[in-house]
Amino acid sequence: MKPPKFSYLRPNSLLEALNMLAEYGDDAKIMSGGQSLIPLLNMRLSTPGYIIDIGRVEELKGIREKEDAIVIGGMTRHVDVEKSALVQEKCPLLTEGIRWVGHNQIRSRGTIGGSIAHADPSAELPCMLTALRGEIVIVSSEEEMTLSPEEFFLSYLLTSLEPNQLIKEIRFPKIKKGSGYAFEEVARRHGDFALVEVAAVLELDYDGTIADAKIALGGANSVPFIPEATEEFLIGKLPDDSIIKEAATLQLDELDPEGDIHGSKEYRRYLSGVLLERALYKAVERAREGVIA
Amino acid sequence: MSNYTVKIKVNGKVIDKEIESRWLLSDFLRDKLGLTGTHVGCEHGVCGACTVLLNGEPVRSCLMLAVQADGLEVETVESLAEEDGTFHPIQQAFANNHALQCGFCTPGFLMSMKNFIETHPVLPTDEEIREAISGNLCRCTGYSNIIKAVKEAYALKC
Amino acid sequence: MNLEGEAKFSMEVNQLWDSLLDEEILKKVIPGCHELILNENGEYDVVLKLGVAAVKGEYVGKVKIEGVDKPNYYILHASGSGSPGHVVAKMHCRLFEMEGGSRLEWNCDAEIGGTIASVGNRVLGGVAKFLAGKFFKDIQKAVKSASLETPIDSAIKID
Amino acid sequence: MKQFVGQNVKRKEDYRLLTGSGRFVADIRIENMVEAAILRSPYAHARIKNIDLSEAKHYKGVLDVIVAADLKGNVKPFTEFVEFTFPPQLEADIKPTIKKNPEPMLAEDKVTFVGQAVAIVLAEDRYVAEDALALIKVDYEPLPVVTDPYETIKEDALVIHPELGNNIQSHFEVKVGDIDHAFRQANHILKTRIKTPRVSGNPLETRGVIAEYQERNQQLEVWSSTQVPFMVRSYLSKLVGLVEGNIRVVAPDVGGGFGPKCAVYPEEIIIPYLAMKYKRPVKWIEDRLEHMQSTRHSRDQVHDVEVAFRNDGTIIGLKDQFLLDNGAHNSFALCCAYNSAAHLRGMYHIPNYEITGRIVLTNKTPNVPYRGAGRPEAVYVMDRIIYMVADKLNLDPVEVSMRNFVRPEQMPYETGIFYRDGANMVLENGDYVKSLQQAMKIAGYEEFRQHQEEARKNNKYIGIGFSSYIEGTGIGPFEGAAVKVDTTGHILVGVGSSPHGQSHETTLSQICADVFGVNPEQVSVRAGDTSLLPYGVGTFASRGAVTAGSAVHGASKQLKEKFLLIAGQMLGVSINDLEMYGGKVSLKNSPSKFVTLQEIAQAAKPGPRCKVPIGIEPGASATYYFVPPTVTFSSGFHVAVVEVDKETGFVGILRYIVVHDCGRVINPKIVDGQIQGGVAQGIGGALYEEIIYDKNGQLVTGTYMDYLIPTAMEVPEVEMGHQEYLSPHNPMGIKGVGEGGAISPPAAIANAVCDAMRPLKIEINSLPISPNKLRSLIEEAESAESVLN
């Protein structure tokens, strides 16, 4: 298990990186943290001619606050997000969910952009990004554009990222005052890929009814799934037991997870309902407690 | 571009060496520098035996190219004990608590824990310790003596 | 792995048959198809350069059509191997006329082996499904016929 | 006089292992060494039509590429069975059918499992060697594949090795009492199928071999990550045709073994051969993908069992027919299968017993013993039965268990069958009733039952389950130790067993130190090296402390006697007036008159100053081989307390208790460490680990992402209790402890999960208990219940 031969390129600026991508395009692979790419290299499942290591591109790192969003550079590491007081304050869902990503040693190398670009159907970041209705800013030497998760994630490990593009930054909308959030996941062992996961943000009105609901399920489909009908169903309702239970199973039939040795399609579908219910309870509880000041 | 000259500070000493860019940091440390205390267990980022500190933070050296460490600082298990052989408190605590059997995974645990203890100055709960070591597999000890050792390391440091 | 699915086309069944077996079209729609050459045994020699995310590989293999009952039925045998692994697939294709076009029912038994089989368990099914869906979508595109609203890749099942 | 046996002496091994200065095979560097990489079969069953090596051989940095044809005439095929696995006496006793099917070193005209070695590249480093692997072109013609043990025994099944006639490699029967009579007398008969899946020992250090040949003196040195260096030496000598005395096999620091490393593998023969052929040191370090595929797996048994019992829970008869799916080859004779048959009744008195075992072949990786070797499978069957009988009769399983125990007054208890070493199988001592009571007291059984009821009312499902085991440990045929005192007075011990985490250096020095009356620091223990003494066996089957411990004890005593003789000569007194203590031999009556061990060692040297009495060989050393009369039986109880998340099917272990008897405890901390570590592996087998093949024989669980080894989050701290019934079969009363921890967890945990779900009466007769599986069982039970209501 040793990587095959490749040429190693290490740009020091975004411009340099994009020019390299423009030049080597198809035969190049961007490496950010390398935590998904290097295992593939070690197993020789990936044999790019060029590796463009964007680890030194400072413009792609960092966590910034904009009016309504936390903007995280693609090259920002999980650990930086995990420890960010800003993220904890404005978008605590992210702080909670990111702890489920692998283990310490992975989070200290792995990046937000890398995880989004890898588009693993059970990865935590794509799910949270989708729930929050965030945006992905991608850039090539020619243009920059902003995509929604639905536009970006195509299928298992597949995104709309072209060979000459990379992820510049990701925008995670802040969680509004009066909202509650929850991230629920089950995996066979701690740190494993999720069987399924749910990210949810609920906003309560002064009268206790749900003003807004944003939910995404991961591992339940080929891309993060937004249960729109469930969200609509919840809005305007008082989230009591029966409403939550009904909401949790409303769209299970629409889920189309793949079965594998760790869980069948049916089990994952069923489990999605269990986790969604738990997430809704927790989000409601947090909204009532007013955890977001 | 398939070869690269790197300058890496390894255990306090600056190493200046040409290396094939595809070489993993784990192999570089072991084969090119003779630092065989860093062990290779799975090479796909699960077992944690190859954990070293990169600029003080735990990383899996099998999931990193040596060239990526260019200009950075690496610490391996060989850096833990003092020059006269005196154990680092974590090593001492592992020895006191029979926290290792075959010893193959041990360097990875020690390096993970060095960072953990430094970044968590207040004695953590058992559950927190368990989570902190969950990125390191041990097939011999069943972990409970490792958890005891981590707790004792806090006491020894005081 | 068993995959089955259904695809609907807004072309009549004979045209669909011809498209499915047209070398030029096949070359365009087989994911990653680099070469497709008919050899003296009546089989096609194929070279695929297929990449899903970072998993990229070159596969060399053969494609053979059997059991032909034009325009109703045929079996497509495909096998290939490359550094990530090997695949042997047998696909039964049944064509039907329907209102406004034609319909294809297919059932494919695929054996996947090598490294990819032993490390890719989590995502293999999903990727295969995606590629199959893409194949039929691309056929539709390649024959440039009027679009049909039926989503075709939603009708793929895996066991 | 301070005794060190029984004390928590700190480990001597730790310093090097904690400072990164241990030396594992992969750490060894020799000038001019080449590295090997192995091409392995991607097919479970295929004919090899052609291998094209031209491109690979010409790749820059490649020394050569080797295939089976290159070995023909130079390396003999494997001998039929691993030494010691099938004593002739047992063969005479039970008259099994057993066919020989040794595995080829490299696949010749066909491959029979995924991962079988096909070609070897030697190159300047592993990176280059792997580049060249990709350039080897093998033309395979895929053949039909059989992966299911029931399919493979069908009349019309394809035969994997045509020379065997069918896929049933071995067949044997063990019978006691009158089974038909027992079944006629029974109030109830229960019948079920119970499976233990295929798992893998997975030491964190993979296998590895380095060999260097020195032409000037024909010395071949081999370093291998093995549990059995003497066995590797003996195979090498036989198969490559070398003088045994010219081979030195060293097992340096070994990063875990657990059984898989007690087999001798093709690489351990080929790599040394290639080092000789190319006159260059050769290194091969297995990677984890290779390990998952080619390092031997284990378990994989299916039992069809029938039990006859009375209304009061007394079991009067047990019938079992089981299959062991051994993969494509079996080189361990009846080892695991016979262990299962011999241990199935465990500590229960079941007078009528009939078991038929068949070892069958499929297109999977061959199996060898793994921690417990046939006992975890048997215990899982027996303890599920105890719970099923209890369920059927609505009795407490503890009560059913107690009713069936072999009682203390029946000890020594003749089981009526032979043990695997050919001796009569006799449980020598122990009090199972007392042990179970102790375990249940620690667990707080009575209180738990009350608590469980209340919890259930709050939709919290907790359960308690136990399992018991007996294990024949310390199997022969022998183990050796050589003890010597050097001229500085330091004691050096060499043993034939070969540790990989068992702390031999510490525990054996404690034993030796006590005999000589010195501090263990004055004793150095070396192991894992065939140059230490003429014969050795190895470390496996919970035999280290029993056999090597007894050998060290015996050799130390012999040398002590000799030292007393020499001291007597030096001091001019009879040895009856002398005592040895504190590094000296002194006069009992006047302790100020003494000679030191150092002085005695110097006086033992041949020559004019030699003080060794005439007629006795000069020298300060003794070698002793301990030959156990038969095994000694350890035993134990495990209790698991679990919580089931009924909605998700996840099982959490709340408490885990072990009470065990391993006879004399040499070092409590080390014994407890063995138990805790064994339990962790057992938890893996209960809840997480399974080697899975698809129907085409492709290994699906090829990485640590799919083969799930428990982390610290999944393994609780084990609460322990001890019983100490000294074994009469060795001088110190030791019983083996290495495997015990791993034997019972699957049964204890499965029983606890069933107990948590008792209102639903689910039965868990296969492993691992994955959340998906448990959820399905719960769903089935609930829908059956709703149909009833």
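Calculate the FRET efficiency for A:ASP205 and C:LEU38 from the Cβ-Cβ distance with a Förster distance of 60 Å, rounded to the nearest 0.05.
Details: r = 68 Å, r/R0 = 1.14.
Result of the calculation: an efficiency of 0.30.
May I ask for the distance between the Cα centers of the stretch D:410-456 and the stretch A:25-97, given as a whole number of Å?
55
Using a 10 Å cut-off on Cβ atoms, rank the peptides D:613-623, D:673-683 from the highest mean neighbour count down.
Per-residue Cβ counts within 10 Å, averaged per peptide and sorted highest first, yield D:673-683, D:613-623.
Quick one: what are the phi-derived ³J(HN,Hα) couplings along the stretch A:261-267, Karplus 6.51/-1.76/1.60 with θ = phi - 60°, whole Hz, x for glycine and proline?
5, 8, x, 6, 4, 5, 5
Quick check: the distance between the Cα centres of the stretch D:635-697 and the stretch D:135-213, to the nearest angstrom?
Here the two parts' Cα centres lie 24 Å apart.
Gap in Å between the Cα centre of the stretch D:468-498 and the Cα centre of the stretch D:1-38?
The distance from the Cα centre of the stretch D:1-38 to that of the stretch D:468-498 comes to 18 Å.
Counting only helical runs of four or more DSSP H residues, what would the 222 nm mean residue ellipticity of the protein assembly as shown come to if each run contributes -39,500 (n - 2.57) and the total is spread over all its residues?
About -8500 deg cm²/dmol.
What is the set of long-range amide H partners of B:ASN3 at a cut-off below 5 Å, with H atoms built 1.01 Å from backbone N?
B:SER21
How would you rank D:422-434, A:176-188, highest first, on the average number of other Cβ atoms within 10 Å across their residues?
Working: D:422-434: 18.3, A:176-188: 21.6.
With the highest mean Cβ count within 10 Å placed first, the list reads A:176-188, D:422-434.
How big is the antiparallel share of DSSP beta bridges in chain D, given as a percent to the nearest 5?
Within chain D, antiparallel bridges account for around 80 percent of the total.
Using the per-residue mean of other Cβ atoms lying within 10 Å as a proxy for protection, in what order, highest first, do the peptides D:311-323, D:150-162, B:104-116 fall?
The peptides rank, most packed first, as B:104-116, D:311-323, D:150-162.
Enter the mean number of other protein chain beta carbons within 10 Å of the beta carbon of each residue in B:85-92, as an integer.
Working: counts 2, 0, 4, 2, 0, 1, 5, 2.
Rounded to a whole number, the mean comes out at 2.
Over the whole of A:29-39, what's the average partner chain Cβ count within 10 Å per residue? Rounded to a whole number, please.
5
Of the DSSP beta bridges with both residues in the protein assembly as shown, give the percent that are antiparallel, rounding to the nearest 5.
On the way: 218 of 254 bridges.
Antiparallel bridges: around 85 percent, rounded to the nearest 5.
Compute the relative contact order of chain D as a whole-number percentage, counting only Cα pairs closer than 8 Å that sit 6 or more residues apart in sequence.
15
Determine, for D:ILE709, A:ILE52, the number of other Cβ atoms within 10 Å of each Cβ, and report the residues in order from fewest to most.
With the fewest neighbours first, D:ILE709, A:ILE52 line up as D:ILE709, A:ILE52.
Please turn the phi angles of the stretch C:79-94 into ³J(HN,Hα) values with the Karplus equation 6.51 cos²θ - 1.76 cosθ + 1.60 (θ = phi - 60°), one per residue in order, whole Hz, x for glycine and proline.
Calculated HN-Hα couplings, in order: 9, x, 9, x, 5, x, x, 10, 9, 10, 10, 10, 10, 8, 10, 10 Hz.
Based on the alpha-carbon gyration tensor of chain D and its eigenvalue square roots a ≥ b ≥ c, which shape applies: rounded if a/c is under 1.5, prolate if not and a/b is larger than b/c, or oblate? Spell out each step's value before the answer.
On the way: a/c = 1.87, a/b = 1.15, b/c = 1.64.
Note, shape of chain D comes out oblate.
Among the complete DSSP H segments of chain D, which ones combine at least 24 Å of alpha-carbon extent along their axis with a mean Kyte-Doolittle hydropathy of -0.5 or more?
Within chain D the helices that satisfy the rule are D:375-393, D:549-571, D:771-788.
Taking neighbour counts of Cβ atoms within 10 Å as a proxy for exposure, in what order, fewest first, do A:ASP207, D:ASP645 appear?
A:ASP207, D:ASP645
When a/c reaches 1.5 or more, the comparison of a/b and b/c decides; with that in mind, is the stretch D:20-89 rounded, prolate or oblate per its Cα gyration tensor? Could you put the intermediate results ahead of the total?
Values: a/c = 2.14, a/b = 1.11, b/c = 1.93.
Note, shape of the stretch D:20-89 comes out oblate.
Counting only other chains, and only Cβ atoms inside 10 Å, what mean value do you get across the residues of D:676-685?
Whole-number average of other-chain Cβ neighbours for D:676-685 is 4.
Any idea how far apart D:ASP93 and D:GLN450 come out in nm if each label point goes 7 Å out from Cα toward Cβ?
Distance between label points: 4.9 nm.
Out of A:PRO121, A:PRO224, A:PRO239, any idea which swings most in a Gaussian network model of chain A, alpha carbons joined below 10 Å?
In the Gaussian network model the winner is A:PRO239.
Could you calculate the FRET efficiency of D:ASN187 with D:GLN437 from 1/(1 + (r/R0)^6), where r is the beta carbon distance between them and R0 is 25 Å, rounded to 0.05?
E(calc), rounded to 0.05, equals 0.35.
Taking R0 as 41 Å, what's the FRET efficiency between B:LYS9 and B:THR125 from their Cβ-Cβ distance, rounded to 0.05?
The computed FRET efficiency comes out at 0.75.
Starting from the Cα of D:GLN218, step 7 Å along the direction of its Cβ; do the same at C:LYS49; then give the gap between the two resulting points in nm.
Distance between label points: 5.7 nm.
Could you check the simple spin-label distance between B:GLU82 and A:HIS190, using points 7 Å along Cα→Cβ, in nm with one decimal?
Once both label points are built, they end up 3.3 nm from each other.
Sort D:GLU414, D:GLU689, C:GLU40, B:GLU43 so that the residue with the fewest other Cβ atoms within 10 Å of its own Cβ comes first and the one with the most comes last.
C:GLU40, D:GLU414, D:GLU689, B:GLU43
No value in this document is a laboratory result; all are computed from the given coordinates. Bear in mind the structure is a predicted one, so any value in this text is a computation, not a measurement. Neighbour counts are summed over all protein chains in view; Cβ atoms, including those assigned to glycine, are modelled from backbone coordinates with ideal geometry.
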